[in-house]
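This report concerns only the one structure given below.
The values are calculated or read from the model by the stated rules, or taken from the named source; none is laboratory data. Because the structure is predicted, anything quoted here is derived from the model rather than measured. Backbone-built Cβ (ideal geometry, glycine too); neighbour counts: all protein chains shown. Just so you know, the surface numbers come from the protein's heavy atoms only, side chains and all, with ligands and any DNA or RNA stripped out. Shrake-Rupley method; radii C 1.70, N 1.55, O 1.52, S 1.80 Å.
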Amino acid sequence: MTSQRPSRTTARAARSPHVFLLAAVACAVALGWTYWAFVRTTTGQLADESAWQEAGVAAPDTQLPFLRFLDTLPVISVVLAAAAILYVVVRRQRYLAAGIAVAVIGTSNLTTQVLKNLVFDRPDRGIATLDFNSLPSGHTTLAASAAAAVFIIMPPRWRPFAAAMGGAYSVLAGVATFINLWHRPADVVAALLVVGTWTLVGGLIIMRTGDGWNNWQGFGRGWASARGWLAGCWLVGLGSLAVSGVLYFAVQAIGPAPVPGTATLPLFFWWGLTWIVGVGFTLSAAAGWLFSAQARRTPAPERRP
């Protein structure tokens, strides 16, 4: 009689590369739609500008702390990314993974600067606003790309935790630029989508070239791989998106103030804030789920009776 042993999964990491590529295209399309809807149209410009103007009224006491955070944001982002990359180089000797992580940071920030300064423009739609384009946000791109670099070079068992923490850090950076009146909500969302696009491309390459270490035994094999990290991201992300949608269409149904920043209630501010939070955490949850699902599964070691 032959004893039966559980079969080992032979599928390599990122066994469905088309999923990564389709998700990257979806992020790029969402980026283009964000630009068209909130920069090229009168309705979108009014909403985006109103949210920006209302931020100065709705949260005036938070601007100084956020300004201090923004002043140190580049240093914090570089230090976090550099520490993680040096760790995988020195301790794990994953030179290719480290190079790809650096490339994700570089391409994300280069894409933002090219789009902002050379590709996108801000047409005059009769809205009293700044006459130059500020989409996507450079500060948000820097913070989110640093978080993304840390996420993609982590072993799979650490990625749920890294996705949650990276999402929180990216959202904090985006909210800070918004509340401190550096950027409009669409600028921040566009930056998150730029980073999302390159994270998926870089992550696919990392998983395909690092098949030996991109494996895990599933959720719950340690505190960092608990399902709660991604569940919390989904809850906050989708919940915030739902609130932002309700607020946006409610204001449009009531009729927005014709001059940005003159509304009695700062509903556009809360729309922009929840939109940023929703997009940031939803992207983090989706990335955490996709990378976990596409990691090479290895069965847990059998327990002896």
Determine whether the stretch 73-86 contains at least one residue that is in contact (Cβ under 8 Å) with a residue 12 or more places away in the chain, of a type in the set (A, V, I, L, M, F, W, C) and outside any helix (DSSP H, G or I).
-> no
Would you mind telling me which numbered condition in (1) of a type in the set (Ser, Thr, Tyr); (2) assigned to a helix (DSSP H, G or I); (3) more than 14 Å from Gly203 (Cβ to Cβ) Thr107 fails?
-> (3)
What about Gly212, is it free of Cβ contacts under 8 Å to residues at least 24 places away in the same chain and outside any helix (DSSP H, G or I)?
-> yes
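Residue check: is Thr112 under 19 Å from Phe281 (Cα atoms), in a helix (DSSP H, G or I) and either more than 17 Å from the chain's Cα centre (by Cα) or of a type outside the set (Gly, Ala, Ser) (or both)? Walk me through how you get there before you give the answer.
Numbers: under 19 Å from Phe281 (Cα atoms): no; in a helix (DSSP H, G or I): yes; either more than 17 Å from the chain's Cα centre (by Cα) or of a type outside the set (Gly, Ala, Ser) (or both): yes.
It is false that Thr112 is under 19 Å from Phe281 (Cα atoms), in a helix (DSSP H, G or I) and either more than 17 Å from the chain's Cα centre (by Cα) or of a type outside the set (Gly, Ala, Ser) (or both).
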Of the candidates Gly220, Gly228, the one satisfying the condition of being open to solvent by 40 Å² or more (accessible area, probe 1.4 Å) and at positive phi is Gly220
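Do you know which residues across the stretch 152-167 are of a type in the set (A, V, I, L, M), open to solvent by less than 40 Å² (accessible area, probe 1.4 Å) and under 14 Å from the mean Cα position of the chain (by Cα)? Spell out how you get there, then give the answer.
Taking the stretch 152-167 first, the residues of a type in the set (A, V, I, L, M) are 152-154, 162-165.
Checking the rest, the ones that are also open to solvent by less than 40 Å² (accessible area, probe 1.4 Å) come to 152-154, 162-164.
Correct list: Ile152, Ala162, Ala163, Ala164.
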Test for Ser108: is it small (Gly, Ala, Ser), open to solvent by less than 60 Å² (accessible area, probe 1.4 Å) and within 30 Å of Ala257 (Cβ to Cβ) = no
Candidate set: the stretch 172-188, residues that are at pLDDT below 95 and aliphatic (A, V, I, L, M); chosen: the one nearest to Gly232 (Cα to Cα) | Leu172
Within the stretch 198-214, residues surrounded by fewer than 23 Cβ atoms within 10 Å (Cβ to Cβ) and in contact with a Ser or Thr (Cβ under 9 Å, 6 or more places away or on another chain) come out as Val201
Kindly indicate whether any position in the stretch 234-243 is in a helix (DSSP H, G or I), within 22 Å of the chain's Cα centre (by Cα) and among the β-branched types (Val, Ile, Thr).
-> yes
Identity of the residue in the stretch 121-151, open to solvent by 30 Å² or more (accessible area, probe 1.4 Å) and either assigned to a helix (DSSP H, G or I) or at pLDDT 95 or above (or both), that ends up nearest to Arg184 (Cα to Cα) | His139
Considering every residue within the stretch 286-299, establish whether at least one is open to solvent by less than 30 Å² (accessible area, probe 1.4 Å) and aromatic (Phe, Trp, Tyr).
-> yes
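Against the condition in contact with a Ser or Thr (Cβ under 9 Å, 6 or more places away or on another chain), open to solvent by 10 Å² or more (accessible area, probe 1.4 Å) and in a helix (DSSP H, G or I), how does Ala190 come out, does it pass?
Numbers: in contact with a Ser or Thr (Cβ under 9 Å, 6 or more places away or on another chain): yes; open to solvent by 10 Å² or more (accessible area, probe 1.4 Å): no; in a helix (DSSP H, G or I): yes.
No.
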Is there any pair linking a residue in the stretch 109-137 that is over 22 Å from Ile276 (Cα atoms) and touching a residue at least 24 places away in the same chain (Cβ under 8 Å) to one that is open to solvent by less than 70 Å² (accessible area, probe 1.4 Å) and of a type in the set (Ser, Thr, Tyr), with Cβ under 8 Å and at least six apart or on different chains, and which?
-> Arg125/Thr41; Arg125/Thr42; Gly126/Thr42; Ile127/Thr42
